[in-house]
Amino acid sequence: MHIRNFLNKTYSLVDETQVGRIIIYLNQAERVFVCGKGSSGLSAREMELRFMRIGLRIDSLTDTDMMRMQAVFQDKKSLVVGFSISGEREDVIYLLREAYKKGAKTILFTAKSKDSFKKYCSEVVLIPSLRHLNHGNVISPQFPILIILDIIYALLYGTKQTCKRGHA
C-alpha cells in the first residue's frame, strides 16, 4: 500500500460524530488516563505531552502495574483512553474494563473491530493497520494513531480557544 492510500484510509475511518463525542468527553473529564504498551505506549506518552499543553489533566501509563493500580481509582469523572493496535493487550483491556465498571468513559484506539469491545468501551476508534505494522518494518505503528490524535487535538484546542474568548 502506498503512503497516499494509507493516509486516505486513515482519514476515511475518521467518524466526525464520534470525534465530537470524544471532544465532549475530554472537556468534561476531571482526569484523563491514557495507556498503551510498546509503540502504543509511545502514542500514549505523546498524547499526554501534547494535550497537557492546553490544560488537560492527563497522565500516560505504560507500565502494567501502574495500569492495574490506576484501575482502582477511576470513577464517573474519569476518562480512560487505551491504545492497542491488536486490541489484545491484556493490561490495556483490563484498565478499560475496570474503569468502565466504575462509571468512567473509556475509549479504545485499535485496528481490530470486535463486538466484545462494546461491553467496556464508550467509544472504539478504528485505525488502519498495514500487515506487519506492529513490527515497525514498514511504517511506524504510531503513525495512524498520531494522525487521528492530531485531528482530535486541533478540534479540542479550537473549543478551548472559543471558551476563552467567550469568557473574556
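The values are calculated or read from the model by the stated rules, or taken from the named source; none is laboratory data. It should be emphasised that the depicted structure is a prediction, and the values quoted were computed from it without experimental measurement. For neighbour counting, all protein chains shown are included, and Cβ atoms are generated from backbone atoms with ideal geometry for every residue, glycine included. Please note that ligands, DNA and RNA were not included when accessible areas were found on the heavy atoms of the full protein model with its side chains. Shrake-Rupley method; radii C 1.70, N 1.55, O 1.52, S 1.80 Å.
Checking each residue in the range 89-103 for being small (Gly, Ala, Ser) and not in a helix (DSSP H, G or I) picks out only 103.
Name the residue that is most open to solvent (accessible area, probe 1.4 Å), counting only residues in the range 39-87 that are basic (Lys, Arg) and within 20 Å of residue 153 (Cβ to Cβ). Filtering the range 39-87 for residues that are basic (Lys, Arg) and within 20 Å of residue 153 (Cβ to Cβ), the one most open to solvent (accessible area, probe 1.4 Å) comes out as 53.
Residues in the range 55-83 that are over 17 Å from residue 104 (Cβ atoms), at pLDDT 95 or above and in contact with a helix residue (DSSP H, G or I) (Cβ under 8 Å, 6 or more places away or on another chain): 62, 64. The set of residues in the range 39-57 being assigned to a helix (DSSP H, G or I) and in contact (Cβ under 8 Å) with a residue 24 or more places away in the chain consists of 39, 40, 41, 42, 43, 44, 46, 47, 50, 51. Mind checking whether some residue in the range 29-38 is in contact (Cβ under 8 Å) with a residue 40 or more places away in the chain, of a type in the set (Asp, Glu) and open to solvent by 40 Å² or more (accessible area, probe 1.4 Å)? Checked the range 29-38: at least one residue is in contact (Cβ under 8 Å) with a residue 40 or more places away in the chain, of a type in the set (Asp, Glu) and open to solvent by 40 Å² or more (accessible area, probe 1.4 Å).
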